Amino acid sequence: MSEIPASETSSEEGARIIPISAVRGTPPPGPSDATGPAGSVDERLAELLALLRRRIAGDYEVDEFGFDPELNDKVLLELIRPLYRHWFRVETLGVDNVPAETGALVVANHSGTLPMDALMMQVALHDEAHRAVRLLGADLVYQLPVLGHLSRKTGHTLASREDADRLLRKGELVGVFPEGFKGVGKPFSERYKLQRFGRGGFVTSAVRAGTPIVPCAIVGAEEIYPKIGDFSTLARLLGLPYLPITPFFPWLGPLGLIPLPSKWLIEFGEPIRTDQFDPEDADDPMLVFNLTDQVREAIQQQLDALRLRRGPAFPPFF
Amino acid sequence: MTHTVLVTGVSRHIGARVASALAADPGIGRVIGVDTVPPSSLTRDGGALLGRTEFVRIDLRTPDIAQVISAEDVDTVVHMSLVSEPAKSRSAMMEHNVIGTMQLLAACQRSAMVRRVVVRSTTAVYGSSPHAPAVFTEDTEPVDVPHSGYAKDAIEIEGYVRGFARRRSDVVTSTLRFANLMGPRVDSPLTRYFSQPVLPTVFGFDPRLQFVHEDDVVEVMCRMAVEDRPGVFNVSGDGVLLLSQCVRRSGRTGLPVPSPAFGVLGMLARTTGLVDFSPEQLALMSHGRVVDTTRLAATLAWRPKFTTAAAFDDFLQSRGTGADRTAALVDWLSGLATRR
């Protein structure tokens, strides 16, 4: 799969993307393409009003984690999709490695000062693999107003053993960034160097559920907010893990919050099976450490290859 | 075979319904209802039918209950007398809940006849916290243990029930943790909250809520009273509603207020004696709470008839409110759009 030239992959994906968005925009299964452009405008309006009616009347369903698929698909993903398509020009590879229906654990590298990579991974899995990814987030997120509940509505939950096990048991696609704040908040000089992988809790959950682990490499997020310094004292006062200094933040104020338009590649690697283990092996620390290392190695190798393949972060300049 | 069932808390709506449902069961010999006050409220809702229940007025906080249990050969005790808000004061509520349960369990422990004890508890024992897992099972250890109000009483009560179950392992002891009760006749801080014209919410938080319909509560309690199902069980309608969804479904206006102001509003409500607005309530309105009910479903081979959403809709219907007006507005808009 990785032998396909980049240009060919992107055109292939482009061809695949169009019908999906066309289907998304039209009302329930009915073939709307038959009705001319005038009819489809009316239909779109009718659908929009139906959506509005459902939202206003509270007539929609959320799951036990607070995931609101309608809000996520019809509103929130629409808002971040332009970033995915046009700002970062994300190319997603190896989608076939993501199981179509069954449970799996996607393990990815984390970078970029702000967790933009989580959002892009969500769009990639939704648009290319047609799966809603359920990310496991830091508990800091769930203490904050607005952010915590927005995160729940988009399908994510707290990184805890109970939640991970429950989601995997239900056959959901779960995503984790085992580096956590160490990864997302690392200085620019350490870009594309995987940090330590916590205690390998994610491996334990995958072994208990017998679900495959899909290593995922994300290239491009490192360059969006190059962190060259840290207001560590102020961060500690505010209870934050770090408060970054970038070439543009805080010097340009809010303008400094605009991410740099680096070129992104997201690759899903070959799944690492865990179903050959007994669920009780999850308590064996040696197995957990070995598997964690195996996953970490796989992601680092993927990262290095993908970075070479991408070339300059800001093509065609540098 | 169940012969004589003692039901506590029959002067309150849900206790009375359980007692009358048990009284309607021909397999049960006698139903004895006890409470601190006579069941006056019953006549108000159309003589809600205690049936052949024999009422005994007892102050639960006194050892009198032991006399009833021994004199009447009670073999099943259904403990419904858990109040969620102070009638007079917080300490009176605590005494009623905790001391009442202690007296009841002490009486059961001494009795040679009692073979089944069913206790009503609440999912509030899990607390509500951003650090807790999204879904609580019966075995989940609460992360932030509630330390005041109703939830604290329930935790203490459950502690005494566990102790009782340990000492009298021959007695079948079932503890039922109910989600927030919902239904046409339920009168709780939460149903009163949803009856207001404007609903204050905590800014930036949209908690997940779960409700259990009063009909399902009655059915679970009655089944537990005649079957041997020892253990702790979560009871809730299937599914989840976000508070924002509840506000929209009720057709009322939500008013997001910052968390500290919400706390102050709550304290004001508390001092006026309207509701027991404890810090736990604020936590629930911020972080919500969802429980797993698979254990109950597997044990009883039964699911609640009302989902969380259906229970809430039934409550709204009884209050004659709903999202009809706002929905009508959108219908009118779409009418305009399609006419074009």
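Each reported figure results from applying straightforward, stated rules to the coordinates on display, with no laboratory input. All of these numbers come straight from a predicted model, not from anything done at the bench. Neighbour counts run over all protein chains shown; Cβ positions are idealised from the backbone, glycine included.
Just for the protein assembly as shown, what percent of DSSP beta bridges are antiparallel, to the closest 5?
About 15 percent, rounded to the nearest 5.
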Average beta carbon contacts from partner chains per residue of A:144-150, 10 Å cutoff: 5
Simple label model, 7 Å out from Cα along Cβ direction - B:R223 to B:D73, nm: 3.0
Normalised convex hull volume, segment A:227-276, alpha-carbon set, Å³ per residue: 161
Share, in percent, of DSSP beta bridges within chain B that are antiparallel, nearest 5: 5
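Please identify the DSSP H helices in chain A that span no less than 18 Å along the helix axis (Cα) and have a mean Kyte-Doolittle hydropathy of 0.0 or more.
Numbers: long enough: A:6-25 (29 Å, -0.13); A:37-57 (30 Å, 0.17); A:285-310 (37 Å, -0.31).
Result, helices passing both filters: A:37-57.
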R0 of 35 Å, Cβ-Cβ distance B:V145-A:I228: FRET efficiency to nearest 0.05: 0.20
Principal-axis tilt of helix B:100-110 within chain B, Cα atoms, nearest 10 degrees: 30
Rg followed by Dmax, in Å, when chain B is reduced to its Cα trace: 20.7, 79
Residue exposure sequence - A:L158, A:L237 - by fewest surrounding Cβ within 10 Å: A:L237, A:L158
Nearest 10 degrees, 0 to 90: helix B:149-167 Cα axis against chain B principal axis: 30
FRET E, pair A:L237, B:V257, Förster distance 25 Å, beta-carbon r, rounded to 0.05: 0.40
Spatially proximal aspartates and glutamates relative to A:K186 (Cα-Cα < 18 Å; intrachain offsets below 8 disregarded): A:D117, A:E222, A:E223, A:D230, A:D304
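Once the cut-off is 28 Å, how many percent of the Cα-Cα pairs in segment A:30-184 end up in the long-distance tail? Don't skip to the answer; put the middle values down first.
Details: 3144 of 11935 pairs.
Above the 28 Å cut-off, segment A:30-184 has 26 percent of its Cα pairs.
How large is the dipole of the protein assembly as shown about the Cα centre if only Lys and Arg carry +1 and Asp and Glu carry -1, each at its Cβ, rounded to the nearest 20 debye?
On the way: 69 positive and 78 negative charges, 335 e Å.
Roughly 1600 debye for the protein assembly as shown.
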Where labels lie 7 Å past Cα in the beta-carbon direction, separation of A:I56 and B:I99 in nm: 5.5
Relative contact order [Cα under 8 Å, 6+ residues apart], chain A, whole percent: 20
Order by protection proxy (mean Cβ within 10 Å, highest first), peptides B:60-66, A:200-206: A:200-206, B:60-66
Acute angle (nearest 10 degrees) that the helix B:324-339 long axis makes with the longest principal axis of chain B, alpha-carbon atoms: 30
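Going through the cross-link list A:K153/A:K193; A:K193/A:K227; A:K153/A:K263, which pairs have a Cα-Cα distance over 20 Å in this structure?
On the way: A:K153/A:K193 32 Å; A:K193/A:K227 14 Å; A:K153/A:K263 28 Å.
Pairs exceeding 20 Å: A:K153/A:K193; A:K153/A:K263.
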Stokes-Einstein diffusion coefficient of chain A, Kirkwood radius over Cα pairs, 4 °C, 1.567 mPa s, in µm²/s: 62
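Ranked by Cβ crowding within 10 angstrom, fewest neighbours first, how are A:I228, B:I155, B:I14, A:I218 ordered?
A:I228, B:I155, B:I14, A:I218
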Shielding of A:155-162 by partner chains, average beta-carbon count, 10 Å: 3
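Percent of alpha carbon pairs in the protein assembly as shown separated by more than 34 Å? Write out the running numbers ahead of the final one.
On the way: 115300 of 216153 pairs.
Result: 53 percent of Cα pairs exceed 34 Å.
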Long-range amide H partners of B:V117 with built H, under 5 Å: B:V77, B:V172, B:T173, B:S174
Rg/Rg_globular for segment B:146-239, with Rg_globular taken as 2.2 N^0.38 Å and Rg from C-alpha atoms: 1.32
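222 nm [θ] for chain A, helices only, -39500 (n - 2.57) per DSSP H run of 4+, per residue, to 500?
Working: 11 runs with 126 residues, N = 318.
For chain A, the value works out to -12000 deg cm²/dmol.
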Inter-probe distance in nm under a simple model that places probes 7 Å from Cα toward Cβ, at A:D278 and A:L48: 6.0
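Among B:H287, B:H131, what is the fewest-to-most ranking by other Cβ atoms within 10 Å?
Numbers: B:H287 23, B:H131 13.
Listing B:H287, B:H131 from fewest to most nearby Cβ atoms yields B:H131, B:H287.
I need the calculated FRET efficiency for the pair A:R309 and A:V75, taking r as the beta carbon distance and R₀ as 30 Å, to the nearest 0.05.
Working: r = 34 Å, r/R0 = 1.13.
Using R0 = 30 Å, I get an efficiency of 0.35.
Based solely on its DSSP helices, what 222 nm [θ] is calculated for chain B when runs of n ≥ 4 H residues each add -39,500 (n - 2.57) and the sum is averaged over all residues, nearest 500 deg cm²/dmol? Please report the intermediate quantities before stating the final value.
Values: 14 runs with 143 residues, N = 340.
Rounded to the nearest 500, it is -12500 deg cm²/dmol.
Could you work out the mean count of beta carbons from other protein chains within 10 Å of each residue's beta carbon in B:122-131?
Numbers: counts 0, 0, 0, 0, 0, 0, 0, 4, 8, 5.
The mean count of partner-chain Cβ atoms within 10 Å per residue comes to 2.
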